[in-house]
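The values are calculated or read from the model by the stated rules, or taken from the named source; none is laboratory data. Fair warning: this is a prediction, and the values are worked out from it, not measured in the lab. Note that each Cβ is placed from the backbone with ideal geometry, even for glycine, and that neighbours are counted across all protein chains shown.
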Amino acid sequence: MFTGLIAATGEVKEALANAGDMQLLIEASELADNGIAIGDSISVNGVCLTVIEQIGNTLRFDVSRESLVHTLIGDWEQGTMVNLELALTPETRLGGHFVSGHVDGIATLKKLDKDARSWRLLFEAPAILAKYIARKGSVTLDGISLTVNSVEGRKFDVNIVPHTWHETNLENKSIGDTVHIEVDLIARYLERLLTASEPPITTELLSKNGFV
């Protein structure tokens, strides 16, 4: 579990195919002295990966075929910059929101505008995920916890303050680039509770019982 508050950026040093899946070697000099242990979870551009080896300032991860299918990791190459966050602990300040590190899909950057000292970014989400994105709700993009400004259909925009812009890999993004998206956990679980109930909670049922 993570908060979506990026601790550091890292650089992919190796992305090696390995018997159908992949191993990643990432330089993480800003995190290397944080007492990372083999088996620890780290968010890498929003993907929860397990440390299998530490060599000085670099960390090695296995990436499963499942993760390769549902993320952009297969496109990473030497030099790719990634956002990093250590897993949440009981003592951690929860400044962002609860982030699982389980990527839901890929969003595309459609527009990028300067907004005073900040930046306003417009993204397009997959149709299947758009229903989970709400104005002033939370969304995770490449591991970054962000607040949604507005939503129109599949498109939504977020504001990036100068600190986040310079301390993450967002300043390297251009129109047309893609990012990992994870929708709010609460929205996913709420939908499951509503649709799995017997009988299902529908507008008709709510109206019949005087709720609408």
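Here are some notes:
- The stretch 126-150, subset over 13 Å from the mean Cα position of the chain (by Cα) and part of a loop (DSSP other than H, G, I, E, B), residue surrounded by the fewest Cβ atoms within 10 Å (Cβ to Cβ): LYS136
- Boolean, ALA15 is among the aliphatic types (A, V, I, L, M) and either in the same structural domain as THR164 (by TED's automatic domain parsing) or touching a helix residue (DSSP H, G or I) at 6+ places or on another chain (Cβ under 9 Å) (or both): yes
- Taking the stretch 63-86 as the range and being assigned to a loop (DSSP other than H, G, I, E, B) and either free of Cβ contacts under 8 Å to residues at least 60 places away in the same chain or of a type outside the set (D, E, K, R) (or both) as the test, the residues that pass are SER64, THR71, LEU72, TRP76, GLN78, GLY79, THR80.
- Within the stretch 103-125, the set of residues being under 19 Å from the mean Cα position of the chain (by Cα), aliphatic (A, V, I, L, M) and not in a strand (DSSP E or B) comprises VAL103, ALA125.
- Criterion: among the hydroxyl-bearing types (Ser, Thr, Tyr), more than 23 Å from VAL148 (Cα to Cα) and free of Cβ contacts under 8 Å to residues at least 12 places away in the same chain - qualifying residue of THR89, THR50: THR89
- Qualifying residues in the stretch 22-38 (those that are exposed (fewer than 15 other Cβ atoms within 10 Å of the Cβ) and more than 24 Å from GLY96 (Cα to Cα)) - the one modelled with the lowest pLDDT: ALA37
- Residues that are of a type in the set (Gly, Ala, Ser) and either in contact (Cβ under 8 Å) with a residue 24 or more places away in the chain or closer than 13 Å to PHE123 by Cβ (or both) within the stretch 157-212 comprise SER174, GLY176, ALA187, listed in sequence order.
- Any hit, the stretch 175-192, residues being of a type in the set (A, V, I, L, M, F, W, C), exposed (fewer than 15 other Cβ atoms within 10 Å of the Cβ), at pLDDT 95 or above and in a helix (DSSP H, G or I): no
- Subset of the stretch 19-33 [farther than 20 Å from ALA87 by Cβ and either basic (Lys, Arg) or part of a loop (DSSP other than H, G, I, E, B) (or both)]: ALA19, GLY20
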